[in-house]
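Working notes, beginning with the structure itself.
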Amino acid sequence: MRPDGVLIREGSTDILVPETHSVHGPGKIQGSVFFNEQMSFNRDVSVMFLRTMGRDMTVADAMTATGSRAVRIANEVRGTTVTANDISSDAIPYIDANIEINGLDNCVSSNRNMHALFAESSFDYVDLDPFGSPAPFIQSVVRGCRRRGVLAITATDTAPLAGAHAAKCRRRYQSEPIRGFMCHEGGLRILMCTIARELAKYDRGMKPLLSFYADHYYRTYVQVTEGADAADSTLAQLGYMHYDMETMERSTSRLPDAEHRLGPFWLGPLHDRDTLMAMDPAGMAAERRCNKYLDLWRNELDTEVFVYDMSELSSHIKMSPPRIDDFIGFLQEHGRASKTHVSPTSFKTDIPLDDLVPLYRDFSPDRGRHDS
Ligand SMILES: C[S@@+](CC[C@H](N)C(=O)[O-])C[C@H]1O[C@@H](n2cnc3c(N)ncnc32)[C@H](O)[C@@H]1O
């Protein structure tokens, strides 16, 4: 018998979800089975991402709740064989109903503790979307990920990762978070560092394919690479940071020292350009939003770590901020610069701070040109 609920449509998939469910924001646990409509964008990204893989894949959605992501993948990504797993027995009738409603023969429900599931079985793609921190589950998803597979991990514990609860970040991630304008890039890079360090224990490394901050969560997709050399070169991309809020000075260091006490962070790229270029938002539930983010991800200067923010510069220089698009256009005459996806007021540039400050001071938004 089908459980009670309402039918919603996401992408080209129908999903039966409990009538009482979250619509906006981080999503509260409201009934016995969780569903958050706002995460449709997150699920869209999974579909767009997996379509770029170009090969048949076994997929495990480790914490699937209603099965929403699992059935969308099974229904919308050709060549997938999906295990929709949740520890809650209340979730299973929803998962089974959603498999039936969409007529799927490539998706099965599974009622396991994910630690037990991944001790026995491994998959080409493993998705982890827990309540709060993924830290207690990362070791198991690494075990459950096949050679050269892909891990997709969500963290909704933004307060610890972004430095609002630094003590909790130290406990969960053994990392010193960064506060201020860089906090969300910092949170994302701490999550990625944690995954890299877990993989290294098994002589495995990673290549990030897509990593982002949106709404109330961080999310990263990493390609697992195999062998001690891969692990070593991954660990070589971790490091520490110094940031002085007064002077805006920042620098990174591979090893911690008296100055570089923030972190460790992942200091390598967030994305793989080929993957981003291959992602197609046509037909997604949040197509306009997918387009907007794809544009930001594809164009952000991924060689630079840690953003500047227009408000940071204007409060430092005591000038009202110009339009960010005008200023970035101007910076591009002097070096490389781009918007970033983490905030509409932040940007990245390879122009050193000593040059950036006078450029900002002299930039005239009225003329859109430098004075000289
Ligand atoms: C945030 S919800 C997942 C939401 C879902 N991915 C979606 O897109 O709608 C987290 C789920 O993890 C499940 N869960 C918690 N601990 C688990 C474990 N050890 N093994 C498997 N599932 C678990 C919970 O029952 C809950 O349904």
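The values are calculated or read from the model by the stated rules, or taken from the named source; none is laboratory data. All figures in this text were calculated on a predicted structure; none of them were measured in a lab. As a convention, Cβ positions derive from the backbone with ideal geometry for all residues, glycine included, and neighbour counts pool all protein chains shown.
Taking the range 292-340 only, how many residues are of a type in the set (Gly, Ala, Ser) and part of a helix (DSSP H, G or I)?
Of the residues in the range 292-340, 4 are of a type in the set (Gly, Ala, Ser) and part of a helix (DSSP H, G or I).
Kindly indicate whether any position in the range 162-179 is touching a Gly at 6+ places or on another chain (Cβ under 9 Å) and of a type in the set (Val, Ile, Thr).
Yes, the conditions are met somewhere in the range 162-179.
Restricting the search to the range 264-288, which residues are hydrophobic (A, V, I, L, M, F, W, C) and in a helix (DSSP H, G or I)?
Hits for the range 264-288 are Leu276, Met277, Ala278.
Are there any pairs with C-beta distances below 7 angstrom linking a residue in the range 263-280 that is more than 15 Å from Gly54 (Cβ to Cβ) to a residue that is hydroxyl-bearing (Ser, Thr, Tyr) and surrounded by fewer than 21 Cβ atoms within 10 Å (Cβ to Cβ), with the two at least 6 apart or on different chains, and if so which?
Pairs found: Leu267/Thr252.
Can you tell me which residue within the range 165-189, out of those that are of a type in the set (A, V, I, L, M) and surrounded by fewer than 23 Cβ atoms within 10 Å (Cβ to Cβ), is nearest to Asp302 (Cα to Cα)?
Ala166
Can you find, within the range 63-78, the residue that is farthest from Val141 (Cα to Cα) among those that are more than 6 Å from the ligand (Cβ to nearest atom) and of a type in the set (Gly, Ala, Ser)?
Of everything passing the filter in the range 63-78, Ala74 is farthest from Val141 (Cα to Cα).
Take Ser343 and tell me if it is in a loop (DSSP other than H, G, I, E, B), surrounded by fewer than 18 Cβ atoms within 10 Å (Cβ to Cβ) and of a type in the set (Ser, Thr, Tyr).
No: the conditions fail for Ser343.
If you go through the range 140-170 one residue at a time, how many are within 16 Å of the ligand (Cβ to nearest atom), touching a residue at least 60 places away in the same chain (Cβ under 8 Å) and not hydroxyl-bearing (Ser, Thr, Tyr)?
The number of residues fulfilling the criteria is 8.
What pairs can you find where one residue is in the range 119-130 and closer than 20 Å to Met192 by Cα and within 13 Å of the ligand (Cβ to nearest atom), the other is part of a loop (DSSP other than H, G, I, E, B) and of a type in the set (Val, Ile, Thr), and their Cβ atoms are less than 9 Å apart, with a gap of 6+ or different chains?
Asp127/Thr64; Asp129/Thr64; Asp129/Thr156; Pro130/Thr156
Does Gly239 count as touching a Phe, Trp or Tyr at 6+ places or on another chain (Cβ under 8 Å) and farther than 16 Å from Ser133 by Cα?
yes
Tyr173: touching a residue at least 60 places away in the same chain (Cβ under 8 Å) and either farther than 23 Å from Phe118 by Cα or assigned by TED's automatic domain parsing to the domain that holds Phe118 (or both), yes or no?
no
Based on this model, can you work out whether Thr252 counts as touching a residue at least 24 places away in the same chain (Cβ under 8 Å) and under 13 Å from the mean Cα position of the chain (by Cα)?
Taking the combined requirement at face value, the residue does not satisfy it.
On the given criteria, is Pro177 away from the ligand (no atom under 15 Å from the Cβ) and not hydrophobic (A, V, I, L, M, F, W, C)?
Yes: the conditions hold for Pro177.
Does Ser46 count as among the small types (Gly, Ala, Ser), part of a loop (DSSP other than H, G, I, E, B) and within 13 Å of the ligand (Cβ to nearest atom)?
no
I'm trying to understand the selection: among the residues of the range 81-94, which are within 25 Å of Arg9 (Cβ to Cβ), within 10 Å of the ligand (Cβ to nearest atom) and under 26 Å from the mean Cα position of the chain (by Cα)?
Answer for the range 81-94, where residues must be within 25 Å of Arg9 (Cβ to Cβ), within 10 Å of the ligand (Cβ to nearest atom) and under 26 Å from the mean Cα position of the chain (by Cα): Ala84, Asn85, Asp86, Ser88, Ala91.
Is it true that Gln30 is modelled with pLDDT under 95, under 29 Å from Asp274 (Cα atoms), within 13 Å of the ligand (Cβ to nearest atom) and surrounded by fewer than 21 Cβ atoms within 10 Å (Cβ to Cβ)?
Against the criterion (modelled with pLDDT under 95, under 29 Å from Asp274 (Cα atoms), within 13 Å of the ligand (Cβ to nearest atom) and surrounded by fewer than 21 Cβ atoms within 10 Å (Cβ to Cβ)), Gln30 does not qualify.
Taking Gly205, is it assigned to a loop (DSSP other than H, G, I, E, B) and more than 26 Å from Leu356 (Cβ to Cβ)?
Considered against the rule, which asks whether it is assigned to a loop (DSSP other than H, G, I, E, B) and more than 26 Å from Leu356 (Cβ to Cβ), Gly205 comes out as no.
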